[in-house]
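Structure first, commentary second.
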Amino acid sequence: MTTRRILLIDDHPLFREGLKTIIRRDTAFDVAGEAGTAQEGMRAAQTLRPDLAVVDISLPDKSGIQLVRELAAALPQMRIIVVSMHSKVDYIVEAFQAGATGYVTKDSASENLLTGLLAVAKGEIFLDPSISREVARRLLEAPGHRRDQQGAVAGDGSAAYDALTPREREVMRLVCEGMYTKEIADALSISIKTVEHHRAGVMRKLGMQNTVELVRYAVKIGLID
């Protein structure tokens, strides 16, 4: 049986060691390399050309979602599985839309990572079973969400959020996570002016006046904890 080569991209060395320990349980896989930033990850992927990449969403220099998008474009044959602490629906939907083929939460990685790797290596889609059925249902309905008769998203009042573009959602999430404009620009590889443009669009479409209101809204719809 052919051994599948894996690239690990996560900014926590101890967690990467934990992932390597899990992966070594199955001789079908071999860790070909590892990286702690998006830039290092892209460089390693282009050099090593692994069969699979395990990517964290929260990286110090760029959004993991953006990295997944870039990896999928640069190496379309490589399968990508996201291993993240986030289990919110929008992170999961955006990860798959960006090009991921699997999603595992860090809390359940010891139980589900190998299963996920085996699935995506065979060309299947894998979604961590610990993620709620509601998340899975909304993922299948992406990019739209289920709506009630009045057009609002059932349950969480996030109808206005649906009007945002994918980039506006990405900027909104990073703003709510406390990143400064320049940090967001660097993370997304866009200009400061473009970040400000998207942020203004978010505030206008959501009817928000300041960042505090925006963060409260993000918590309400489950975008951040």
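A few comments on the model shown:
- For the chain, the mean residue ellipticity at 222 nm estimated from helices alone is -14500 deg cm²/dmol, where every DSSP H run of n ≥ 4 contributes -39500 (n - 2.57) and the total is divided by all residues, rounded to the nearest 500.
- Sites THR115 and GLN39 - FRET efficiency at Förster radius 45 Å, r taken between beta-carbons, to 0.05: 0.90
- Restricting the stretch 1-31 to trypsin sites (Lys or Arg not before Pro) in coil, as DSSP defines it, with at most 12 other Cβ within 10 Å: ARG24, ARG25
- Counting only alpha carbon atoms, the long axis of helix 192-206 and the longest principal axis of the chain meet at about 60°.
- Whole-number percent relative contact order across the stretch 10-67, with pairs defined as alpha carbons under 8 Å at least 6 apart: 37 percent
- Under-5 Å amide H pairs with ALA35, H placed in peptide plane, nonlocal only: LEU8, ILE9, ASP10
- Stokes-Einstein, applied to the Kirkwood radius of the stretch 35-140 over Cα pairs at a viscosity of 1.306 mPa s and 10 °C, places its translational diffusion at 117 µm² s⁻¹.
- For the chain, the longest principal axis of the Cα atoms and the long axis of helix 13-23 meet at an angle of about 60 degrees.
- Per residue, in Å², the accessible surface of the chain once ligands and nucleic acids are set aside, probe 1.4 Å: 48 Å²
- Residue of VAL171, VAL104, VAL212 that the Gaussian network model of the chain assigns the largest fluctuation, springs spanning Cα pairs under 10 Å: VAL212
- Across the chain, C-alpha contacts under 8 Å between residues 6 or more apart give a mean separation that, scaled by the residue count, equals a relative contact order of 15 percent.
- Annotation: lysines with alpha-carbon distance below 21 angstrom to LYS122 (same-chain offsets under eight excluded): LYS20.
- Whole-Hz Karplus values for the stretch 59-67 come out as 10, x, 10, 6, 4, x, 4, 5, 5 Hz, taken residue by residue from phi with 6.51 cos²θ - 1.76 cosθ + 1.60 and θ = phi - 60°; glycine and proline positions read x.
- A Förster radius of 35 Å, combined with the Cβ-Cβ distance separating ASP162 from GLN77, puts the computed FRET efficiency at roughly 0.60.
- Here the stretch 1-84 has an Rg and Dmax of 11.7, 37 Å, counting Cα atoms alone.
- PHE126 long-range amide H proximity, modeled H, under 5 Å: GLY102, TYR103
- 3J(HN,Hα) along the stretch 121-131: 5, 8, x, 8, 9, 10, 10, 3, x, 6, 6 Hz, from the Karplus curve 6.51 cos²θ - 1.76 cosθ + 1.60 with θ = phi - 60°, whole Hz, x for Gly and Pro.
- Solvent-accessible area, 1.4 Å probe, carbon plus sulfur percent, for the chain: 52 percent
- Solvent exposure, largest accessible area first (probe 1.4 Å, DNA, RNA and ligands not counted), of GLU177, GLU168: GLU177, GLU168
- Amide proton proximity set for PHE29, modelled H, under 5 Å, gap of 5+: ARG4
The values are calculated or read from the model by the stated rules, or taken from the named source; none is laboratory data. Model, not experiment: these values are computed from the prediction. As a convention, Cβ positions derive from the backbone with ideal geometry for all residues, glycine included, and neighbour counts pool all protein chains shown. All accessible areas refer to the heavy atoms of the entire protein, side chains included, with ligands and DNA or RNA removed. Shrake-Rupley method; radii C 1.70, N 1.55, O 1.52, S 1.80 Å.
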